[in-house]
Amino acid sequence: MQHPNLYVVTGGPGSGKTTVLRELERRGFGFLPEVARQIIQEQMQHGGDALPWRNRERYTRLMLEGSIQAFIGHQAGGEIWFADRGIPDTFGYARLTGLRDDSAIREACKEYRYASTVFLAPAWREIYETDTERKQDFAEAERTAEVVRAVYEECGYRVVELPRATPVKRAEFVLKRLEGLLNG
């Protein structure tokens, strides 16, 4: 299943992904919210243990299931949409945490394909903050960005790094790249 008009914005935690996506939404584009953050919020609210700091395997399984559901639930069409992370991000998380059996994630990465260009928000110390769902330190955020880049490239995507700039400039960068991709 392919969604060639569904573009992923990925990167490490706290790198400004969601902020640039909100700017793109303000300009009329739809976006699929980050599944991982939703899972953490739901688990914390209901006292569940599928959390990165409690039960990583269960958290990873829920992340994969939620990412697949979001992908399938997106109606393919001519309009450009953006995803706050994608299925390969689950593969990256599994790799970072040393999950032994990642075969289901690998298969999902092959079966569900986004647009071939993926935008990566690099780790950026000046804007990095922790919160109730984001507990990683900056070194882990940097490592996450590196692993996520490698995983997307391994899955056959072309990774384009976003500049360290304001959300408006980042959105303009994305739209300019898309214009080149769609017209070139």
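The values are calculated or read from the model by the stated rules, or taken from the named source; none is laboratory data. Please read all numbers here as calculations on a predicted model, not as lab measurements. Note that each Cβ is placed from the backbone with ideal geometry, even for glycine, and that neighbours are counted across all protein chains shown.
Counting residues that are in contact (Cβ under 8 Å) with a residue 60 or more places away in the chain and closer than 26 Å to Glu154 by Cα, which strands (runs of 3 or more DSSP E) fully inside the stretch 1-119 reach at least 2?
6-11, 81-84
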request  = Determine whether Ile87 is surrounded by 17 or more Cβ atoms within 10 Å (Cβ to Cβ), among the β-branched types (Val, Ile, Thr), under 22 Å from Val20 (Cα atoms) and at pLDDT 90 or above.
outcome  = yes
Residues of the stretch 24-56 satisfying the condition of being in contact with an Asp or Glu (Cβ under 9 Å, 6 or more places away or on another chain) and of a type in the set (D, E, K, R) = Glu34, Arg37
message = What's the number of the only condition in (1) out of contact with any strand residue (DSSP E or B) (no Cβ under 6 Å at 6 or more places or on another chain); (2) closer than 18 Å to Ala141 by Cβ that Arg54 fails to meet?
response = (2)
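Limited to the stretch 28-85, what total is found for residues that are among the charged types (D, E, K, R) and within 18 Å of the chain's Cα centre (by Cα)? Give the steps one after another, and end with the answer.
Initially, the stretch 28-85 is screened for residues among the charged types (D, E, K, R), giving 34, 37, 42, 49, 54, 56-58, 61, 65, 79, 84-85.
Cutting the leftovers down to within 18 Å of the chain's Cα centre (by Cα) gives us 34, 37, 56, 61, 65, 84-85.
Counting residues in the stretch 28-85 that are among the charged types (D, E, K, R) and within 18 Å of the chain's Cα centre (by Cα) gives 7.
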ask   = Is there any pair with a first residue in the stretch 147-166 that is at negative phi and a second that is assigned to a loop (DSSP other than H, G, I, E, B) and among the charged types (D, E, K, R) whose Cβ atoms are under 8 Å apart and which are 6 or more apart or on different chains, and what are they?
value = Arg164/Glu126
note = The number of residues in the stretch 111-127 that are under 17 Å from Phe31 (Cβ atoms) and not aromatic (Phe, Trp, Tyr) is 5
ask   = Is it fair to say Arg158 is charged (D, E, K, R), modelled with pLDDT of 95 or more and out of contact with any Ser or Thr (no Cβ under 6 Å at 6 or more places or on another chain)?
value = no
